[in-house]
Each structure stands twice: as structure tokens, then as C-alpha cells.
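Shown next, in C-alpha cells, is the structure this report addresses.
Since every read-out is calculated from the coordinates, none of them should be taken as a lab result. Computed from a predicted model, the values in this text were never measured in an experiment. Heads up, the Cβs are rebuilt from the backbone with ideal geometry, glycines too, and the neighbour counts pull from every protein chain shown.
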Amino acid sequence: MNVYDSERMADLLKPMGYEVTSQPDQADLVILNTCHIREKAVEKTYSELGRIRDK
């Protein structure tokens, strides 16, 4: 489901000039789409946000 949701967000943002990149440090906008049901997923999300922020 997250893959579908992420692809849908990308489709909606493309007309606004955004495009997908594999390099977060080159991005103007970073979206992390994750499941919040499991605690481990929450921890991984915060860890990834910190990593992106620190670049």
C-alpha cells in the first residue's frame, strides 16, 4: 500500500515541478511514507529524518 501511495503522491506533485530523486540532499522536498502501526517503523522514520536533516 505504501508503494501505491508514494507513486500517487509523486504523480500529484509532478505537475508542480517536483520529480523523484534517489539523492535526498538534492531534493527540495522529502516525503517519507511509512506505516505507523509498528513501533520499529516509527523508530526507523525518526532515524531517517535525522539522517536527512544532518546532511
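List, in order, the whole-Hz ³J(HN,Hα) value for each residue of the stretch 19-24 obtained from phi through the Karplus relation with A = 6.51, B = -1.76, C = 1.60 and θ = phi - 60°; use x for Gly and Pro.
Per-residue couplings from phi come out as 9, 6, 9, 8, 10, x Hz.
Rg (Å, one decimal) plus Dmax (Å, integer) for the alpha carbons of the stretch 2-53?
Here Rg and the maximum Cα pair distance are 12.2, 35 Å.
I'd like the orientation of helix 2-13 relative to the chain: the angle between its Cα long axis and the longest Cα principal axis, in ° from 0 to 90, rounded to 10.
It is inclined by approximately 40 degrees.
For the pair Asp54/Thr34, report the inter-label distance in nm, with labels modelled 7 Å from Cα in the Cβ direction.
1.5
Which whole-number percentage describes the relative contact order of the chain, with Cα contacts under 8 Å and a sequence gap of 6 or more?
30
I'd like the orientation of helix 39-53 relative to the chain: the angle between its Cα long axis and the longest Cα principal axis, in ° from 0 to 90, rounded to 10.
With rounding to tens, the tilt is 50 degrees.
Evaluate the charge dipole of the chain about its Cα centre and quote only its size in Debye, nearest 20, assuming +1 on the Cβ of each Lys and Arg and -1 on the Cβ of each Asp and Glu.
In debye, rounded to 20, the chain gives about 160.
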